[in-house]
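Heads up: the structure comes next, in structure tokens.
The values are calculated or read from the model by the stated rules, or taken from the named source; none is laboratory data. From a predicted model like this one, the values you see are computed outputs, not experimental measurements. Every residue, glycine among them, receives a Cβ derived from its backbone with ideal geometry; neighbour counts consider all protein chains shown.
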Amino acid sequence: MTQQVDAVFEHGVLRPLQPLSLVERAKVKLMVSVVEDESWMDVEFMDSCASDSDSTIRLEDVRAALAKISGSMDSAIDETRGEW
């Protein structure tokens, strides 16, 4: 029997978050994957950014383009975007 179970690691022990249908002292094999709390992240937007990225642009090119901006970055962004 195989089942996927969520658990919490506390005080050196894995504690399942739901009851398991196992007999006492049953031996099991565990595969542990840490679940990151992504509830605060906009994963859809991050995926969109990743698909829009261009891996051919080098860091040196970005630095050279940024060096050409006079004044503050805020002003340059405002000029590009305009009023919201």
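For this structure, a couple of remarks:
- Any chance GLU36 is closer than 30 Å to ALA76 by Cα and either outside any loop (DSSP other than H, G, I, E, B) or not hydroxyl-bearing (Ser, Thr, Tyr) (or both): no
- Matching residues, region 46-84, being touching a helix residue (DSSP H, G or I) at 6+ places or on another chain (Cβ under 7 Å) and among the acidic types (Asp, Glu): none
- Among residues of region 4-25, those that are aromatic (Phe, Trp, Tyr) and touching a residue at least 24 places away in the same chain (Cβ under 8 Å), counted: 0
- Against the list (1) at pLDDT below 85; (2) surrounded by 10 or more Cβ atoms within 10 Å (Cβ to Cβ), the condition MET1 fails is (2).
- Residues within region 6-44 that are at pLDDT 90 or above and within 11 Å of the chain's Cα centre (by Cα), tallied: 0
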